[in-house]
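See below for the structure under consideration.
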């Protein structure tokens, strides 16, 4: 019974280690709106201002639209998940009240459908539609849409959207990969595509910044850069930063904790071998070698301690907010492999001790 309990606990720990928390810390997914079939977006101005710590960004988006008909309608349908902060919409300079579409199908019917002008989001069997594809990697729940009703006159109008976004964090490696995202892909649902101006202000950011939409038309990527497009450049605009590391931190990162652990443990192995050799030189006939036994137990334990210490050392040298510390979580599970390390090193110790014993007897 006790053996079964131990095996269950052991397998559970292995399972937990293999299924560590997701490396993705989701931030705000900014995205273009879905538009009514009676509205055309002629031009879009997108301005993104990033704070010094690359933690938040202010998004200001202006749409110049042309309405084909007059009357109360829902011109734009926004994706706004719980990550949005201070999400506000202005129509021709006036703040409008936003509503959340809790269930797309409650008001289904030819005369009841609230979102009758967004039929491209639907399929024949509406009850099975739960998400809309934004891009190859992004899908959104229909329940996360926000919309507003307004009395639009036929002709041109300006719709402005502002919100504060939080960054995305990907912790799959030693370093956090922080980014801001803005999805352009909903334009594939539009009837027409106008021009797009993008301004990204990263002048306050102390780290190097990368933007995936090419070379700016004016300005500098690490300052204020502007871009102009007359077609969809890509599905998702992504702004990432490269952590600023000291030369010492970069040196440790290049060697990695495994390399550092091996350097230190080899030093202790050499000392262990030296004491084994000295013991056998003095006592070749003795059956057991005290240095061999002591080292065979201590070296594997010491290696695990060194592995944990080196992992923490590398993370500490990288520092916050750049170190993901993901490897540090797994380092504490090294003790699970102690039986294997012990078996391997004990075998190595026995072989070395036999060799020293034979050499000492020949003298």
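Rundown of residues vs (1) touching a helix residue (DSSP H, G or I) at 6+ places or on another chain (Cβ under 6 Å); (2) farther than 28 Å from residue 359 by Cα; (3) modelled with pLDDT of 95 or more, yes/no style:
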position	(1), (2), (3)
242	no, yes, no
246	no, yes, no
255	no, yes, no
276	yes, no, no
290	no, no, no
293	no, no, no
Close pairs from the range 182-211: first in the same structural domain as residue 28 (by TED's automatic domain parsing) and closer than 30 Å to residue 39 by Cβ, partner part of a helix (DSSP H, G or I) and modelled with pLDDT under 90, Cβ under 6 Å, at least 6 apart: 189/120; 193/187
Boolean, residue 173 is within 24 Å of the chain's Cα centre (by Cα), part of a loop (DSSP other than H, G, I, E, B) and at pLDDT 90 or above: no
Strands (runs of 3 or more DSSP E) (entirely within the range 62-101) containing at least 3 residues that are at pLDDT 85 or above: 85-91, 94-96
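Mind telling me which of the residues 231, 217 ends up being at pLDDT below 90, surrounded by fewer than 14 Cβ atoms within 10 Å (Cβ to Cβ) and more than 26 Å from the chain's Cα centre (by Cα)?
231
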Tally of residues being modelled with pLDDT of 90 or more, within 22 Å of residue 31 (Cα to Cα) and assigned to a loop (DSSP other than H, G, I, E, B) across the range 178-213: 3
Residue within the range 341-348 that is touching a strand residue (DSSP E or B) at 6+ places or on another chain (Cβ under 9 Å), modelled with pLDDT of 90 or more, under 30 Å from residue 175 (Cα atoms) and in a helix (DSSP H, G or I) present: no
Residues of the range 37-61 classified as modelled with pLDDT of 85 or more and outside any strand (DSSP E or B), total: 6
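The values are calculated or read from the model by the stated rules, or taken from the named source; none is laboratory data. Everything quoted here is computed from the prediction, not taken from an experiment. Heads up, the Cβs are rebuilt from the backbone with ideal geometry, glycines too, and the neighbour counts pull from every protein chain shown.
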